[in-house]
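Asks: Pasting a structure here, questions to come.
The values are calculated or read from the model by the stated rules, or taken from the named source; none is laboratory data. Note that the structure is predicted; figures quoted are calculated from it, not measured. Here Cβ is always computed from backbone atoms with ideal geometry, including for glycine, and neighbour counts include all displayed protein chains. These accessible areas exclude ligands, DNA and RNA; they are computed on the full protein's heavy atoms, side chains included. Shrake-Rupley method; radii C 1.70, N 1.55, O 1.52, S 1.80 Å.
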Amino acid sequence: MAGRYDRNPFDEEEEEVNPFSDPAVRGKASGQSKFGGGVFSTSTPPTSNSRLSPLPPEPAGFGYDRDATVDIPLDAASGGSKYQDLKKKEKELQAKEAELRRREQDVKRREDAAARAGVVLEEKNWPPFFPIIHHDIGNEIPIHLQKLQYVAFATFLGLVLCLFWNIISVTAAWIKGEGVKIWFLAIIYFVAGVPGGYVLWYRPLYRAFRNESAIKFGWFFLFYLLHIGFCIFASVAPPIVFKGKSLTGILPAIDVIGDNVIIGIFYFIGFGLFCVESLISLWVLQQVYMYFRGSGKAAEMKREAARGAMRAAI
């Protein structure tokens, strides 16, 4: 049988005519045809020209509902573990945030309580490369006292320089055979003198100028007089302790220069430093005392001393 390929019967663009509606074709189709060694009888009933009805459209979702919610279990091997790790980290961050917030509130509460009580919190800001003390003359000291405070601070730094140069000179003398005892004494002078000068007389003067405290002025006068006495003693350095060579005064300088000129020059430089320190310190003492008397703090200090003596007597 001659093969004939018809158009898609489901095509809706044009009408298809049943080929078997033709009598000639229908007569031929009523015969026998051989196919694969067998005989098949084919007959088709007469049909009229008609248009095939299209099949209903199939959904494109392959049987799945687009709007349906798919639940993916997070407790699977990999997804569940990652989800649990994220939850754990989130809880840890929340706990740290709460702890930082609590500490911040605690610090703020303490600062407010200190401010209400009149306590000034001093932040260490000097020296800038390694802050160890609080020092802010430009913002905390009255402008008419800033110059005097700066000079007083210069005497404190001068004391540091004098004691440091004293260590260098005594070390040189020790190397030349003067004995190790004078070197140990020079170290003691520096270790005790530098922090002692700051705590005993410089910081009281700083706070006295800042708060106008008569008691702080009293502390300053007492220990600053000791500071001046030590500088004068060091500039002379009488042979009282280990022949006086533990301090770079005039007497040990004269004694040492006969044995070694270089070490003698070191001692003479130390003698000059102690003399300059003594003179500037005397000027600072005079200026502070003049301000103390002129501002009425002397009378206030006398009244406080009288009230303290009366309370002690009662």
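Asks: Picking from Trp201, Trp165, which residue would you name as being at pLDDT 95 or above, at negative phi and over 33 Å from the mean Cα position of the chain (by Cα)?
Replies: Trp165
Asks: Can you spot a residue in the stretch 93-111 that is modelled with pLDDT under 60, farther than 30 Å from Val288 by Cα and open to solvent by 100 Å² or more (accessible area, probe 1.4 Å)?
Replies: Scanning the stretch 93-111, I find no residue that is modelled with pLDDT under 60, farther than 30 Å from Val288 by Cα and open to solvent by 100 Å² or more (accessible area, probe 1.4 Å), so the answer is no.
Asks: Pick from Val170, Val194, Val151: which is aliphatic (A, V, I, L, M) and free of Cβ contacts under 8 Å to residues at least 40 places away in the same chain?
Replies: Val194
Asks: Does at least one position in the stretch 140-161 carry a residue that is aromatic (Phe, Trp, Tyr), open to solvent by less than 60 Å² (accessible area, probe 1.4 Å) and touching a His at 6+ places or on another chain (Cβ under 8 Å)?
Replies: yes
Asks: Being assigned to a helix (DSSP H, G or I) and at pLDDT below 90 is the filter here, so list the residues in the stretch 113-138 that pass it.
Replies: Ala113, Ala114, Ala115, Arg116, Ala117
Asks: Are any residues in the stretch 283-303 open to solvent by 50 Å² or more (accessible area, probe 1.4 Å) and modelled with pLDDT of 95 or more, and if so, which ones?
Replies: Result: Trp283, Gln286, Gln287.
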